[in-house]
Structures are given as C-alpha cells and as structure tokens.
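Just so it is clear, none of the values below were taken in a lab; they were calculated from the coordinates. As the structure is a computational prediction, the values presented were derived from the model and not from experiment. Cβ atoms come from the backbone with ideal geometry, glycine included; neighbour counts cover every protein chain shown.
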Amino acid sequence: MSDIDIGGHAMSEEREGFEIRKNCSRKKLIDDGNSRYTTLRRALKNNSVLGGGAIVLGFLLVLLFAPWVAPHDPLEMDIMNTLKAPVFLEGGNSQHLLGTDELGRDLLSRLIYGMRLSFFISFCSVLIIVLFGSAIGVFAGYYGGLTNTLLMRLTDVQLSFPIVILAVAMLSVWTSTVFTMILVLSIANWPIYARVTRGLTITEKIKDYVTAARVVGASDGRVMLRYISSNILPSILVVSILDLAGMVIWEAVLGFIGLSILPPTPTLGNIMGDGKNYMVIAWWISTLPGIVMFFLLLGFMLLADGLTASIGARGQRQVVVI
Amino acid sequence: MLLYILKRVAQGVAVVIGVMMVIFFIIRVIPGDPARMIAGPSSTPERIAEIHKGLGLDKPIVVQFLHYLVRVVKGDLGQSIFRAKGGGTTTGRHIHSASDTGRTGIEDFEKAAVMDLILERLPLTLMLTGMAVLIAILTAGFLGILSAVKHDTMWDRIVTLISIVTQAAPNFWVGIVFILIVAVHLKLIPAMGYKNFAYVILPAFTLSLSMIPTWLRIIRLGLIDVLSKSFISGLKARGIRWDVILFKHALRSAAIPFVTVLSVHMGYLLGGAIIVEFVFDFPGLGLLTIVSVLQRDFTVVQGIVIFFASIFVLINILMDVLYVYLDPRISLE
Amino acid sequence: MNNDVILAVKEIRTQFATGGKIKKVLDGLSFSIREGRVMGLVGVSGTGKSVLAMTILNLVSPPGRIVGGEVLLKGIDILKASEHDLRRIRGRELTLVSQDPYTFMDPLYTVGDQVIEVIRAHDRVSRKKARDRAIQLLATVGIPDPERRLLNYPHQFSGGMQQRVIIAMAIACNPSLIVLDDPTRSLDVTIQAQILGVLSDLRKRIHTTMLLISASVQVVAQFADDIMTIFNGRCMEMGPKRTLLVSPRHPYTRNLLEAVPSLEGERLKRLKGIELLHRGDQGSGCVFYRYCEKGENRCRETQPELTQVGEDHFCTCHFFDGEAGLGRKLGVAEI
C-alpha cells in the first residue's frame, strides 16, 4: 500500500513541480525587459552594431567566396616577378594589386587565403575555449568549495605564464600544423573564460530565480544548463566575438616569430614572418596583413561594443579586458 | 595583515611549484629527445647515452624533478645547453658528463648559468616595461580624466576615437610600422637593438600602446561613475574646491577598479614585452626567451618560465595588498 | 524686506527633463525664514522636497535645471552667484544635512579627515587647531570618545552616528542657515528621536536658523517654529506651528494631520490617506485639485493664489479667497 501511495504522491509532486517550473521560466521571459526579441531589435538599431556588422559581413563574404574573389592561385610562383610593389606604389601593376612576395606569389591572393586559414584556426579555438572554459567555469562557480579552489589554483598556474611563453614553449616541441595551432591557442586562452564564467555564475546563482528553481526541485544540472547558462550566454558570446579577432592576431604573432604553420600554405602570420626579411625593400609584405587585421579587429570591436550596449541594460558592469 | 601576506606567499610558492611541474613535464614528456638534438644527427648511441647521463635524463622523472627543485631553492636554475659563459653559443657538441648535482665539468667551455643570463638581461626588460607603464599611466590618466570630466562633449568623442583606433591596431604590427617610419625613413630615433637609453623609447612607446586603450577606458568609466555618486554633491555642498574634489576624492575612488584590472594586466604586459623585444631586437629577457625556444635550449626556457612565474606571483600579492590599502572597506579574506 | 530675514525664496522654478518630457518639480514656490527660527516643510514623498534643498544650494545637476526665481541668503542671490562665491558660501554660510548620511561622505577617507577638510576649506587654521575643533564638534553632537573616532571610516559608524557627523560638519563654520533634507529618513524611530534631540540641543546653544524638510508631520511638529505644507512643488499653507496644528485651513494640511494615528476613545481612528479623487487631466488649476475632497470646477480651472488668512498665516486655496475680514490677497513682494 505505502509504496504505491508514496510513489504516486511523488509522481504528482514532480508533475506539479514541473508545471510550476514551466510557469517560472515563462514568467521570466515576459517580465524581463531583455527578452531575445527586444534585444535583437535594439541591436539592429545600434550604429556600432550596424557598422561593425557590415565590416564583419564583408570579411566573411570574401572568405567564403575566396576561390572566386582571389585573382591568382596563392601558391603559384613566378620567379620573374618577385618582390613587385603594390599597384598604388611606383613599379606596381594591375596584374598584382598588392604586389608579390619573394617567390613571385601574388600577395592579394595569399592574403585572402591566409585570412581564411587564420580565421578558421581562430574560430575553432574560440569554439573550444568557450565551450570548455565556460563549462568548467560554471561548474566551479556553481559548486564552489573544492572544485572552485582547484580551478582557481589551476588557472593561477596557467596565468602565471605569460601566454606568449606558453604558446611559444608548446610550439617549440610540437610541429606546427593546423591542429596544433588550434590546440595551442585553446590551451593558452581557456583559463580566462573559466575565470570570467565563474565570476558570472557566482553573481547569478545568488539571484532569486535560481533559488526559486531549486526550491521547486530543479536538479543542479538543469539549473546550471537551463537557467544560469542561458543568462550568462549573451555576455560570454559578446566577449568571444572579440576573441575571434584576437586569436587571428595571436596566430599572426606566432607566425611572425616563425612558429606558425610553415609556408607555402599562407596564413596571415607566416606571410608577415616571411616578409620580415625583406622589410626594407618590400615593406608591404609584412605591413599589409596588419592593415587587414586592423580592420578585422575594428569590425569585431564595433560589433561587440554595440551588442554590449544593446544587452547591457541589465547593469552588469563587467570590464571587458582584451 | 602580516598573516595575510604570509598566507598569500605560501599560496604563491605553491603556484610557482605548480608552474615548475608543468614546464618540467612539458619539456621532458614531449616527443623528441633533447639529447639527440644536442648530439647532432650523426652521433653514436654511446654519445647520446653520455649526454643523457650528463643532463640527468636517465633517472626517473620524479627524481629529476626533485633534484631540480632542490637546486632551484638554492638559486641554481641550471645551465644553458648552448650558451657559453662569456657569451656566444655553441652547437652543443662539447657537452660533458654531469655529476649528480647536475653541474657540468669544465672541459672545453663552461656553460652559462641560466640565472646569470637572466640577471644579465633583466635590467633591460625592466627598463622597457617600466618606461612603458609610465607612459601608459600618464597618457591613459590624462586622457581618461579629460574625457570623464568633459563627458559627452567633443573632447570625449575625440578621446574615444583615439582609444578605438589604438586598440584595433595589433600591437606588434604597430611596432613594425614604427620601425619602418621612424628609423628607416625619418632616421630620428634608433629602431632596433640597444646601445643606450634612446633605444628604449620606441619599444617602450609601442608596448604602452597595448595598454593605453584599456586603461583609458577603465579610468574614464570609473571616473564617470564616481562623479555621479552622492558624496561628490556632498563635497560640493560643503564648499570644497573642485580640483580637490577631482584629484583627492574622485580619483581615489576610481583608482580601485583600475588597480583590479592592472593586476590582471601584468601578465599581458610581460607577454607583450616579449613580443616587442622580438620585433625591435631588444636584447632583454623576452628576446632571450624566444631565441632559446627556437634553439630548443630547454634549461633556459625552464628557468625563465619559473622566474617569470615568481615575479608574476609577487606582483599579484603586491597588488592585493595595495588594494586593501586603497579601500578601507574590504577586510582581508 | 525685514532685516532679520535670513532666507527669502521667491518664485523658484526647477524642471527635470526626462524621456523627452519636462516635469515642473518646483513651480513658483516662495517663502521666507526669519533669523533663529526653524521652518518645517512638510510634504508627501515625491513632491520635490529634495529638489528644493538642492535648489536652495544651487546644486541642481542635469537632467534638472533651475529655470527661474531667486534664493536670497542675507540678500545675496544664490542662484546668480559665481562659482567662486558659491564655494565660499556653501559649507560656511549655508550648509546641508542630507537624507542618507553614508552616501554623503567619501567612504575612503576617515571621518576626521573629512571634518577637518571642511574646516580648513573655509578657515585658515593650522592642522592641529582644525583637529582640535573637529574633536570638539564631534563631542558637541554627542559622539563618545571623539578623539579616537576621528580615525574611523564612515562605514564603521552606525546610521545615527553617521548623521551626527554630518551635522557636525554642517555646524563646523557657524552657518547662517542649515538646510536639513529629511535627515531622519533612513533612521529608525528611536534614533530619529536622538537626532532630533541633538538638533534641539544645538538650537539652544547656537541659535542657528534652520530649514527642516520632512515627510513626517510628527518630526516637523516637534521641532519647527513655523510650518509650511507643500504639494507638487507649490506651497499649500504656511504659518506658525501652533496655528497650523490647531486650525489648519487647507484640505491638504488637514489630510496630513489626520494621517497621524491617534486614539479616539479607545479605538484607533480610521486613517484617511491622500487618494486620487477626481480623475482626468491636471488642468491649469490648483495642483491639489485631484486629491481634494472639496474640489470644485473653479479649483480645476484657475490657480488659487497665496492669501493671508490670519496673522502670519497664509493659504493657497480658493475656499479662503474671500474669507470675511481676512480676504486680503497678498502679492509676493510683501513677503
């Protein structure tokens, strides 16, 4: 008798709890002045978002349609035409709009394909960082205690290495392939996300809606996934937008030192690295990739700034550190 | 207070040891045999075994680590694999058997002690970083205060524009551009290398540019926030002078978020210094790091990483103490 | 104008621009305070009491703006004075005690630092003399162990003690007028009584003129000599305390007084609050029209003017315009 009764009682309680939970979340969606719809509308009216978005969109289009946009084959060498100047300088011609490198390869095409690869590396690493780092951060922030302390010490250890050294050290022992580049960048940068997410989680978990969800019987996993994560996700995404451009620059730095993927496959980094030997006579090889990165970063920065402004009315004054 | 510092130092030591473990294992557990690289491609197995023994690589890793730990505590960070004592590097062909303490016997060359190498180059890097921080604080401070006080006027917009442009330009690329413009075309300030203080200016300025936009933003936001607080009207109501209000009261409150970010930025600053040194061929610790990594001079890399980690930990502790001193409201926890 | 009038406020108008609309918080308010008197200003929350305090000190900042009127402190118009003069007047001749003592001080400096700062900002005294004076001031407002407390930070004081410190800073330079903006708002009742005790103590000792703004009729009734009731930035009634408490004329004043709980016989009299009685637009009439139980058409259409209804007793209400024998409309200039 008791088993069935108790079982039945528990079932209905759970069902009731489920109803209440559903109501809670629905209410939140209505009350919160920051529902996805209004935020989107606000974002689309924001100048920074429009400007930045346009630039970013432009880049993405060029990247996607690279084979059609690039005038030459980036690997095609032309020994008769080495170190030619860009078209806007003396000695340039419209055959090679941005000049050629030391092996006669068209710089514009190399830049386009290089951007493609650099961006791919960047995107993959940011994806890993956000997923992995945030997951750990939410866990640490939510459970506190030992998990938290371990995480903090671990990130401390990692943050004690200037990231450059870490990346450089890793690349000194691993050969540089696309995979290792992604790995190196991910390993070097995940602690920041873990730290930030942890901070955000701690702020969120003391808020009323979390307590409400717990009272009603939501499991820890559900709370973390459904409630906390969905609330901190916007902030994290905005920061990660900046990092998309940031990782591209990282790759460029490593390439400049000579630790990125080896030629002939072009990346923004190794183009600059190659070019540093010819700075006096062909300064454009090392300089032009930088201009590309400048606009890329500008675009992403504007986009991120604008998005923060559209979302930011929640009063979370997090200083975004680049 | 003292208890707090001691506690933090203890934690710091733990962190440094952690760092040591990480770098130690990374270098030793990787594919590729350092001994083989030192010996060269055409060497005999006996030679390789000899080098192994010399570097102490024949013992179990944990033992190696403990030996290393003991040495570090004594201040001995080991010896460079390639650099000789008086400068100049070797290809490593003359490395010798080592005793258990890991010191090389002198036969042809005496190898440079890592600690010596570090201490030799430290002053230069300190000069570079110090100058950069100075420039950055002065510039970010001035522009930040200006744009906060003249909030929403043309000055504010100009400063914001400068901030955005400076932030979007990749730091090392700016360095390259500077070198090209200033040294190659204008020939005003020296660009690369180091002979006297003038050689510090350009690299320091470049490095400061990586800090200025963020610091400017924080000072500005912090100041705008503080200036809207009630106690500022309170001070005005008591007839205190405006410049006193700004510099004595407002700035002090705005300094708190600034110092917080500063402590996080120390790491970036060190990293940035490494890159800048590479771009400008500035012979400081950063350049040493990169060159050693490229040469696979593991002991040097190891030593530098540990050194940096210790400095970083120390700076963090100092920042925390500074933080408590600045804000009497927080208790030490 | 009488010689012993310390403060004369004439037709001050302050506006706030929010969300594209302009809200007239103070719209032609006038009154005066004579030397040594305490004027109590009562009004329900949100009727511009704090704005009034800031207007008198000329500390209204955007989105607010003072758009008209005069504030004459001993003949000097605060609203037209230069920044330089203002700096000398504020904190010395004219001081402010605000609602929330903690946010009125800088949390990063010791209380001693800040009291000394006020003293030295207005008086050329040595650090030592300023420090001695600060200790004395803290003792005067009833802070025990003042010499040690000088070294404490604001957060180390309780709310009541913090307010005492603010009062100490307010009397530091022997001001001609102290404006107290709801000084007991953030304090609970027992502490409130203490602070009022401190204030009345001070009155006996140094005879300062005060303007006490409060939402509580009881506070004002205890402490003030003259009372003025304001609603939505306009004066409804003003006069000596006794007169107003015993024979209030304006419906608003009556409402305020009746809202104080009292026992009638053995049962608590039912409270009557201020409720919206007449719906519809504000119109260009009396600001109290919509809440007034006596409201009529002429109340909605035309603004009543300040009329004298007794000795020193004035009222802004149509129902007392032509009261027999006392129906003298008073122009503002005669205040």
**Prompt:** If contacts are Cα pairs under 8 angstrom and at least 6 residues apart, what is the relative contact order of chain C in percent?
**Reply:** 18
**Request:** Take the alpha carbon gyration tensor of segment C:54-123, find the square roots of its eigenvalues, order them as a ≥ b ≥ c, and report rounded if a/c is under 1.5; if not, report prolate when a/b exceeds b/c, else oblate.
**Result:** oblate
**Item:** Stretchable slack from A:Lys207 to A:Gln95, in nm (0.36 nm times residue separation minus alpha-carbon distance)
**Value:** 34.1 nm
**Inter-part distance where segment A:232-292 and segment B:267-328 are each reduced to a Cα centre, Å** = 22
**Prompt:** Could you give me the ³J(HN,Hα) list for segment B:306-314, computed from phi with Karplus coefficients 6.51, -1.76, 1.60 and θ = phi - 60°, whole Hz, x at Gly and Pro?
**Reply:** 5, 4, 4, 4, 4, 4, 4, 4, 4
**Entries of A:Lys45/B:Lys229; A:Lys84/A:Lys276; C:Lys204/C:Lys241; C:Lys24/C:Lys49; C:Lys10/C:Lys294; B:Lys236/C:Lys204 with Cα pairs more than 20 Å apart** = A:Lys45/B:Lys229; C:Lys10/C:Lys294; B:Lys236/C:Lys204
**Request:** Taking the Cβ of each residue in B:Lys150, C:Lys204, B:Lys236 as the centre, tally the other Cβ atoms inside 10 Å and list the residues starting with the fewest.
**Result:** C:Lys204, B:Lys150, B:Lys236
**Asked** What is the spin-label model distance, in nm, from A:Leu262 to A:Leu146 if the labels are put 7 Å beyond Cα along the C-beta direction?
**Response** 4.7
**Asked** Which whole-number percent gives the relative contact order of segment A:91-205, counting Cα pairs below 8 Å spaced six or more residues apart?
**Response** 36
**Prompt:** Between segment C:98-132 and segment B:194-248, what's the alpha-carbon centroid distance in Å?
**Reply:** 25
**Request:** Hey, can you grab everything whose amide H is under 5 Å from the amide H of C:Ile6? Only 5+ residues off in sequence or another chain; H modelled, so Pro and N-termini drop out.
**Result:** C:Ile33, C:Arg34, C:Glu35
**Asked** With contacts defined as alpha carbon pairs under 8 Å and 6 or more residues apart, what's the relative contact order of segment C:106-258 in percent?
**Response** 17
**Prompt:** Karplus couplings for segment B:290-304 from phi (6.51 cos²θ - 1.76 cosθ + 1.60, θ = phi - 60°), rounded to Hz, Gly and Pro as x?
**Reply:** 5, 4, 4, 5, 5, 7, 6, 8, 5, 4, 5, 4, 4, x, 5
**Asked** What does the average come to when, for each residue of peptide B:268-276, you count the partner chain Cβ atoms lying within 10 Å of its Cβ?
**Response** 5
**Asked** Taking 0.36 nm per intervening residue step and subtracting the Cα-Cα distance, what contour gain separates B:Ala14 from B:Val321 on full extension?
**Response** 108.6 nm
**Complete:** Expressed in nanometres to one decimal, the distance between label points 7 Å along Cα→Cβ at C:Asp113 and B:Leu66 is 5.3
**Ranked B:Lys248, C:Lys129, A:Lys45, criterion: other C-beta atoms within 10 Å, fewest first** = A:Lys45, C:Lys129, B:Lys248
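Using 1/(1 + (r/R0)^6) with R0 = 51 angstrom and r between the beta carbons of B:Arg157 and C:Lys204, what's the FRET efficiency to the nearest 0.05?
Step by step, r from the Cβ atoms, then E = 0.35.
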**Prompt:** Peptide A:252-262: average number of partner chain Cβ atoms within 10 Å per residue?
**Reply:** 3
**Complete:** Along segment C:66-74, Karplus-curve 3J(HN,Hα) (6.51, -1.76, 1.60; θ = phi - 60°) to the nearest Hz, with x for Gly and Pro, reads 7, 10, x, x, 9, 10, 9, 9, 6
**Item:** Residue exposure sequence - A:Trp190, A:Trp68, B:Trp242 - by fewest surrounding Cβ within 10 Å
**Value:** A:Trp68, B:Trp242, A:Trp190
**Complete:** Length gained, C:Glu293-C:Asp77, 0.36 nm per residue minus C-alpha separation, equals 73.9 nm
**Item:** Label-to-label distance, nm, for residues given as A:Thr180 and B:Phe25 (7 Å Cα→Cβ offset)
**Value:** 2.0
